[in-house]
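**Student:** I'd like to ask some things about the structure below.
Just so you know, all these numbers are worked out from the coordinates, no wet-lab data involved. This is a predicted model, so every value here is computed, not measured. Cβ: placed from backbone, ideal geometry, glycine included. Neighbour counts: every protein chain shown.
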Amino acid sequence: MALASTIHHGGDDGIVDDLDTVRGVARWLQQQSENLAGEGLAAGDLVADEELRDAIIGVRRAVRALFARVVSPAPPSPADAHRLMPADEALAHLNAAAAREPVAPQLHWPAEGAPAARLLSAEADPHVRLVAALARDAVDFLSGPEREQLRACHAPRCVRYFLKSHGRQEWCKPSCGNRARVARHYERMRGTTAGP
């Protein structure tokens with residue numbers, strides 16, 4: 001979700017892409033340092049460059065295309081609805097990115113505590129490990145039970161996907177719900193004044 005949410009509405013500026021530049025990628029990686037540590041990656045080991053930016057954006061395009069497939073027949077996010085990667089191409093891209101890093105599960109069991117599984121990799125290139133980890137996370141999400149709660153927010157100007165947390169939730173956050181209600185009210189009022 002964090003990767004898909006790097007495209008969002010930036011107020012009056014329109015749609016913002018947090019990964020639009022190498023500097024933006026570096027900033028996003030720093031913001032994700034805790035998540036990266038869980039994948040065995042240190043944000044300091046990842047030096048953003050144009051090649052890494054292209055690889056991350058490729059995974060994001062595949063993820064957003066598959067998110068659009070999940071929410072169908074509802075409309076996809078308007079941010080990229082007009083330029084979605086075909087679903088079969090997105091699937092192939094995501095699987096290829098995940099396969100770039102062969103991993104083996106390892107059991108970690110501290111003397112005090114519960115056992116946990118970790119993935120062990122022999123891959124030395126942190127860029128390959130990052131892109132593969134992003135793709136694996138997307139595969140886990142798309143094949144897991146949370147997928148059923150995925151929705152595209154259709155509040156005015158919003159382009160995010162979100163996980164529906166309760167039965168009546170229609171928007172990603174309360175401010176989007178407020179914007180949608182105001183827009184509906186405006187349309188009703190405009191319809192009333194434009195009547196016969």
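**Student:** Between residue 71 and residue 147, what is 0.36 nm times their sequence separation minus the Cα-Cα distance? Round to one decimal in nm.
**Tutor:** Values: separation 76, 0.36 × 76 = 27.36 nm, distance 0.91 nm.
Residue separation times 0.36 nm, minus the Cα-Cα distance, leaves 26.5 nm.
**Student:** Given 10 °C and 1.306 mPa s, compute D for segment 67-159 with the Stokes-Einstein relation, Rh being the Kirkwood radius over Cα pairs; round to the nearest whole µm²/s.
**Tutor:** 101
**Student:** Also, I was wondering about something else. What net charge do the residues around residue 80 carry, taking every other residue with its C-beta under 9 Å from that of residue 80, with Lys and Arg at +1 and Asp and Glu at -1?
**Tutor:** +3
**Student:** Order these peptides, 23-33, 98-108, by their mean beta-carbon neighbour count within 10 angstrom, highest first.
**Tutor:** Highest mean packing first, the order is 23-33, 98-108.
**Student:** Could you tally the net charge around residue 45, taking each other residue with its Cβ under 14 Å from the Cβ of residue 45, Lys/Arg +1 and Asp/Glu -1?
**Tutor:** With Lys, Arg at +1 and Asp, Glu at -1, the neighbours total -3.
**Student:** Next up: Run a plain Debye calculation on segment 1-68 (Cα atoms as equal point scatterers, no solvent) and give log10 I(q)/I(0) at q = 0.13, 0.19, 0.21, 0.27 Å⁻¹, rounded to two decimals, same order as the q list.
**Tutor:** -0.37, -0.79, -0.94, -1.30
**Student:** Would you mind checking the tilt of helix 87-99 against the longest principal axis of the Cα atoms of the chain, expressed as 0 to 90 degrees and rounded to 10?
**Tutor:** 30
**Student:** OK, next. Give the Kirkwood hydrodynamic radius (Å, one decimal) of the chain, defined as one over the mean of 1/r across all pairs of different Cα atoms.
**Tutor:** Here the Kirkwood hydrodynamic radius works out to 18.7 Å.
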